[in-house]
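**Q** Have a look at this one before I ask anything.
What follows is calculated from the coordinates using simple rules that are stated; it is not laboratory data. All figures in this text were calculated on a predicted structure; none of them were measured in a lab. FYI the Cβ positions are ideal-geometry reconstructions off the backbone, even for glycines, and counts take in every protein chain you see.
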């Protein structure tokens, strides 16, 4: 069993990843991206929040490779980085609803 435990550095990275999921605002933002990309303004409007708050949280999500960007001129659109992000959230929700 001990040989299956990842190295300590990897476990620290995993713990940091779960900390990012520990914020309800970030979770709400990621939920808005389930169906595709949105701009900061669209996300702020959907969640009835300030754009500056959304921008700050998107930076955290992007730094942690949970969202990615696409530029179209001056406009930036955000989307989930990959399908794993959605699966992690869905699995967590399933667990909470059990």
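**Q** What number, in percent, do you get for the relative contact order of the chain if the mean sequence gap of Cα pairs under 8 Å and at least 6 apart is divided by its residue count? If you can, show how the numbers build up before the last one.
**A** Numbers: 76 pairs, mean separation 24.2, N = 98.
About 25 percent, as a whole number.
**Q** A follow-up question, please. With each label point set 7 Å from Cα along the Cα-Cβ vector, what nm distance links residue 52 and residue 74?
**A** 2.0 nm
**Q** Can you give me the Cα centroid spacing of segment 1-21 and segment 74-98 in angstrom?
**A** Centre-to-centre (Cα) distance: 19 Å.
**Q** Against the longest principal axis of the chain, how steep is helix 8-20, in degrees 0 to 90 to the nearest 10, with axes from Cα atoms?
**A** 40 degrees
**Q** Right, another one. Among 93, 66, which comes first, then next, by fewest other beta-carbon atoms within 10 Å? Don't skip to the end; give the middle numbers.
**A** Numbers: 93 12, 66 23.
Fewest-to-most Cβ neighbours within 10 Å comes out as 93, 66.
**Q** With a/c under 1.5 counting as rounded, go ahead and sort the chain into rounded, prolate or oblate using the C-alpha gyration tensor (a ≥ b ≥ c being the square roots of the eigenvalues; past the cut-off, prolate if a/b is larger than b/c, else oblate). Numbers along the way, then the final one.
**A** On the way: a/c = 2.27, a/b = 1.78, b/c = 1.28.
Taking the square roots of the gyration eigenvalues as a ≥ b ≥ c, the chain is prolate.
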